[in-house]
1. If you scan the range 30-54, which residues turn out to be out of contact with any strand residue (DSSP E or B) (no Cβ under 6 Å at 6 or more places or on another chain) and basic (Lys, Arg)?
2. If a residue must be within 15 Å of the chain's Cα centre (by Cα) and open to solvent by 20 Å² or more (accessible area, probe 1.4 Å), how many such residues does the range 8-21 contain?
3. From the residues in the range 1-49 that are in a strand (DSSP E or B) and under 15 Å from ILE110 (Cα atoms), which one is modelled with the lowest pLDDT?
4. Can you go through ASN112, ASN74 and tell me which one is closer than 20 Å to ILE34 by Cβ and of a type outside the set (Phe, Trp, Tyr)?
5. Out of LEU108, LEU83, I need the residue that is open to solvent by 90 Å² or more (accessible area, probe 1.4 Å) and part of a strand (DSSP E or B). Which one?
6. Looking at the range 88-105 only, could you name the residues that are among the small types (Gly, Ala, Ser), in a helix (DSSP H, G or I) and in contact (Cβ under 8 Å) with a residue 60 or more places away in the chain?
7. Could you please let me know if PHE27 is crowded, with 19+ Cβ neighbours inside 10 Å and in contact with a helix residue (DSSP H, G or I) (Cβ under 9 Å, 6 or more places away or on another chain)?
8. Going through the range 2-38 one residue at a time, which ones are of a type in the set (Gly, Ala, Ser), under 15 Å from LYS58 (Cβ atoms) and in contact (Cβ under 8 Å) with a residue 60 or more places away in the chain?
Amino acid sequence: FSLIAIVSSDKIYKLSWQLNNALGVEFHKSDDLIIPLYKPDITKTLEVFASSPEMSDKYFTLIANKCQNGFLLNMFKEIDFFLRINPSLSADNAIKIIDNIQSLSSVLSILNIDMNLIKDKEKQYFIF
């Protein structure tokens, strides 16, 4: 899969609606990503929106990076959202999608994430 980091001050539901229009997909609210922490009864609960797989040859998942108990990926604290795209994008397709997202007025910054930068134990959060 490909992973794109997005900085935006919008709420996830508003960004997903804007991405629907920019990418021609249909995001809908999915089950939250719940990550147990080492302390009992404490979890990280992150909002997730996903596209309908039958609407495109790509499956898009928008995941919040920030929640009440921290971040999905601590090394990217300045990032608000991650856009997971499955299957992986070619370089040309990645540029097209990044350009479409960058054109949104609410997107302040965007970058393609090199998966080698992410620790193995954190990569599991993006496999579902």
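1. Once the filter is applied, which keeps residues that are out of contact with any strand residue (DSSP E or B) (no Cβ under 6 Å at 6 or more places or on another chain) and basic (Lys, Arg), the range 30-54 yields only LYS39.
2. Residues flagged as within 15 Å of the chain's Cα centre (by Cα) and open to solvent by 20 Å² or more (accessible area, probe 1.4 Å) within the range 8-21 amount to 8.
3. Checked the range 1-49; the qualifying residue modelled with the lowest pLDDT is SER2.
4. ASN74
5. Sole residue among the options that is open to solvent by 90 Å² or more (accessible area, probe 1.4 Å) and part of a strand (DSSP E or B): LEU108.
6. Once the filter is applied, which keeps residues that are among the small types (Gly, Ala, Ser), in a helix (DSSP H, G or I) and in contact (Cβ under 8 Å) with a residue 60 or more places away in the chain, the range 88-105 yields only ALA94.
7. Answer is yes for this residue.
8. Answer for the range 2-38, where residues must be of a type in the set (Gly, Ala, Ser), under 15 Å from LYS58 (Cβ atoms) and in contact (Cβ under 8 Å) with a residue 60 or more places away in the chain: SER2, ALA22.
The values are calculated or read from the model by the stated rules, or taken from the named source; none is laboratory data. Keep in mind it's a predicted model, so treat the numbers as computed, not measured. Positions of Cβ are backbone-derived with ideal geometry, glycine not excepted, and every protein chain shown enters the neighbour counts. These area figures cover heavy atoms from the full protein model, side chains too; ligands, DNA and RNA do not enter into them. Shrake-Rupley method; radii C 1.70, N 1.55, O 1.52, S 1.80 Å.
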